[in-house]
Amino acid sequence: MSIKLQQLKHFVMVVEEGGFRAASHRANRSQAALSTSIKELEKLLGQTLFEPGNKSKLTPFGEICLPKIIQFLNIYNALDNDLKAAAAGQQGRVRIASVPSVAAKLIPSVLGAFCEQFPNVEVSLIDDNASGVEARLLSGEVDLALGNPSHLDDRTIEFTPLLSDPIGVVCLKDNPIANHPEGIEWQTLLKQPFIRNGTCTLLDPTPARALSAQALYSVENITSLFSVLELGIGITTLPKLAFPTNETRLVWIPLIDPPLKRQIGIFTLNDRTISPQAKAFQDLCVHYLQLQSE
């Protein structure tokens, strides 16, 4: 037979309460049941813990056992609390990869709520392009990936849609095409120098791919892209989320022919259960967007 956790707890209770009667009330057990529990412990240990004539006084062996048992119970209680906290998503780590536009516009609001609810959870956030966030998820580098599907494999990755992000044209405010704030057709842009960026692959299934095909420039980094656009040497297309709300020199105009949207959502792996922390973050993303749409 092995030592039972309850036997150790009973032993410490008797010491702390100064006797079996008070300890039995605390343990919500009869005095006889508590006495039996201690006797079974003593039998397993091969030594008595309390003096025969004074059941509240420890034997020399009991004196040796007491601090060791208290230390063990403290470690056990800490482990019990930590495991329950982790299971509730209150401890641990969540690793997220996201396309830059979502990282800048969506995640800060969700992260603020997440940190308030789970202050002891470590959060790691990585920016990457659409294919990059999927690759990081597949390699196990992150728990969640936020972005738009590129080469989605339904057998491996589960995609939870969050929102649709319209595609538009970005140019200087003094560009003549900026006079069409209600929207613009792609044919109108053919005479404009075009700057290709990573999101221009969204044009590929449509006739508007001709814009990307004739591009004079190609800029992948979003910060560099805006710097080049501000020079006035060309225009580009971007999802609305990727356009900064504080931009003063540039304007975003909806593309109405063809009307394009990218689907933004959360990627998880079909064959891997995400941690409680990651699940909590995923649920907050969905909840936040539901509030935004109301």
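The values are calculated or read from the model by the stated rules, or taken from the named source; none is laboratory data. Everything quoted here is computed from the prediction, not taken from an experiment. With ideal geometry, Cβ positions are generated from the backbone for all residues, glycine too; neighbour counts draw on all protein chains shown. Side chains are part of the model used for accessible areas, which takes the heavy atoms of the whole protein and leaves out ligands, DNA and RNA. Shrake-Rupley method; radii C 1.70, N 1.55, O 1.52, S 1.80 Å.
Here are the numbers for the structure shown:
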| quantity | calculated |
| --- | --- |
| For Asp283, solvent-accessible area (1.4 Å; no DNA, RNA or ligand), Å² | 70 |
| Rg and Dmax of segment 80-233, Cα atoms only, in Å | 19.7, 68 |
| Segment 143-248: projected area of the alpha-carbon convex hull, averaged over directions, in nm² | 8.1 |
| Which of Ile274, Phe11, Leu225, positive extreme of dipole for the chain (C-beta unit charges) | Phe11 |
| Lysine pair number, Cα distance threshold 14 Å (strictly under), the chain, separation 8 or more or different chains | 7 |
| Nearest-0.05 FRET efficiency for Arg272 and Asn77, computed from C-beta distance (R0 30 Å) | 0.45 |
| Pairwise Cα inverse-distance average, inverted: Kirkwood Rh of the chain (Å) | 24.0 |
| Cβ charges +1 (Lys, Arg) and -1 (Asp, Glu), total dipole of the chain, debye | 1080 |
| Distance from segment 157-222 to segment 1-71 (C-alpha centre basis), Å | 76 |
| Kirkwood hydrodynamic radius (C-alpha pairs) into Stokes-Einstein, segment 1-155, 37 °C and 0.692 mPa s, D in µm²/s | 165 |
| Positive-end residue of Ala87, Gly53, Ser131, charge dipole of the chain with Cβ unit charges | Gly53 |
| Mean projected area (nm²) of the alpha-carbon convex hull when segment 234-294 is viewed from all directions | 7.2 |
| Accessible surface ranking that places the most exposed of Tyr288, Tyr217 first, with a 1.4 angstrom probe | Tyr217, Tyr288 |
